[in-house]
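This report refers to the structure that appears directly beneath it.
The values are calculated or read from the model by the stated rules, or taken from the named source; none is laboratory data. In this text, all values refer to a predicted model and were calculated from it rather than measured experimentally. Every residue, glycine among them, receives a Cβ derived from its backbone with ideal geometry; neighbour counts consider all protein chains shown. Each accessible area value is taken on the protein alone, full model and side chains, heavy atoms only, with ligands, DNA and RNA left out. Shrake-Rupley method; radii C 1.70, N 1.55, O 1.52, S 1.80 Å.
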Amino acid sequence: MALRCSKLARELGIPLQKLASDALRIVEEVMKDGGNATDLVLTWRCVKSITTVDTATLPINILLKIFEDLEPGKYVTDFYTSGKEIGVAMSNEITFADLVKRPYILKTLIPIRYANSKETESEITITLSVPSYVKKLTPLISAYIRGILDAYGYTQHKIDIKEHIIEIKIYKNIQT
């Protein structure tokens, strides 16, 4: 690792000590918040992958105001297509196994407060909790998630919405 860091510092034209100090400072901050280095790497990869598609992070309350006057169901296909585009970009940076192990990565993409996953031999269940006031947008969020899953090649899945909980069942043995 020291050799790799030394080579990187030379390539970047900075002292090794600065590279090491900056890296350790970042990891320290992440770990203080309960994360780890892998969390940091995967979050960075997610952010990097979504920059390959045109995205705009907007506060969810603004989106809700926009959709108040519109018929949200009309945009399901658009959300699915967008999810699929982002899923393709993400799949180049983040493995599906890493996404399942750390479903909170989806927080970078959609307004979720809690994410958990459970895996058995035949299926994966990902449970997402969205803010309760976002309930009106859950069909669009579900379409977006479907697009992401399809981009990873997991086309056999079921999404159930109960209040502000989105439960995603992915059937492992039927990957296409």
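So which of 154, 133 is out of contact with any Gly (no Cβ under 9 Å at 6 or more places or on another chain), among the aromatic types (Phe, Trp, Tyr), under 18 Å from residue 97 (Cα atoms) and not in a strand (DSSP E or B)?
The unique qualifying residue is 154.
If you take just the helices (runs of 4 or more DSSP H) that sit entirely in region 1-92, which of them hold at least 3 residues that are at pLDDT 90 or above, of a type outside the set (D, E, K, R) and under 25 Å from residue 149 (Cβ atoms)?
76-91
Cβ-Cβ distance below 6 Å, separation of 6 or more or different chains: which pairs start in region 149-174 with a residue that is open to solvent by less than 70 Å² (accessible area, probe 1.4 Å) and among the aliphatic types (A, V, I, L, M) and end on one that is part of a loop (DSSP other than H, G, I, E, B) and modelled with pLDDT under 95?
Hits for this filter: 170/154.
Applying the selection to region 149-176, what residues are closer than 15 Å to residue 126 by Cα, out of contact with any Leu (no Cβ under 8 Å at 6 or more places or on another chain) and not charged (D, E, K, R)?
149, 154, 156, 159, 161, 164, 171
Would you please name the residue that is surrounded by the most Cβ atoms within 10 Å (Cβ to Cβ), looking only at residues in region 39-53 that are touching a residue at least 24 places away in the same chain (Cβ under 8 Å) and of a type outside the set (A, V, I, L, M, F, W, C)?
Filtering region 39-53 for residues that are touching a residue at least 24 places away in the same chain (Cβ under 8 Å) and of a type outside the set (A, V, I, L, M, F, W, C), the one surrounded by the most Cβ atoms within 10 Å (Cβ to Cβ) comes out as 49.
Residue pairs, Cβ under 9 Å, 6 or more apart or interchain, first in region 1-14 and free of Cβ contacts under 8 Å to residues at least 40 places away in the same chain, second in a loop (DSSP other than H, G, I, E, B) and not aliphatic (A, V, I, L, M). List them.
Note: pairs meeting the criteria are 9/15.
Going by the structure shown, is residue 107 farther than 23 Å from residue 39 by Cα, out of contact with any strand residue (DSSP E or B) (no Cβ under 6 Å at 6 or more places or on another chain) and assigned to a helix (DSSP H, G or I)?
For residue 107, the condition - farther than 23 Å from residue 39 by Cα, out of contact with any strand residue (DSSP E or B) (no Cβ under 6 Å at 6 or more places or on another chain) and assigned to a helix (DSSP H, G or I) - is not met.
Answer yes or no: is there a residue in region 118-130 that is open to solvent by 40 Å² or more (accessible area, probe 1.4 Å) and either under 23 Å from residue 52 (Cβ atoms) or in contact (Cβ under 8 Å) with a residue 60 or more places away in the chain (or both).
Scanning region 118-130, I find no residue that is open to solvent by 40 Å² or more (accessible area, probe 1.4 Å) and either under 23 Å from residue 52 (Cβ atoms) or in contact (Cβ under 8 Å) with a residue 60 or more places away in the chain (or both), so the answer is no.
If I ask for residues that are over 32 Å from the mean Cα position of the chain (by Cα) and either among the hydrophobic types (A, V, I, L, M, F, W, C) or at positive phi (or both), which ones from region 4-13 would you list?
13 - this is the single residue of region 4-13 that is over 32 Å from the mean Cα position of the chain (by Cα) and either among the hydrophobic types (A, V, I, L, M, F, W, C) or at positive phi (or both).
Condition test on residue 143, is it open to solvent by less than 60 Å² (accessible area, probe 1.4 Å), in contact with a Leu (Cβ under 9 Å, 6 or more places away or on another chain) and of a type in the set (Gly, Ala, Ser)?
No.
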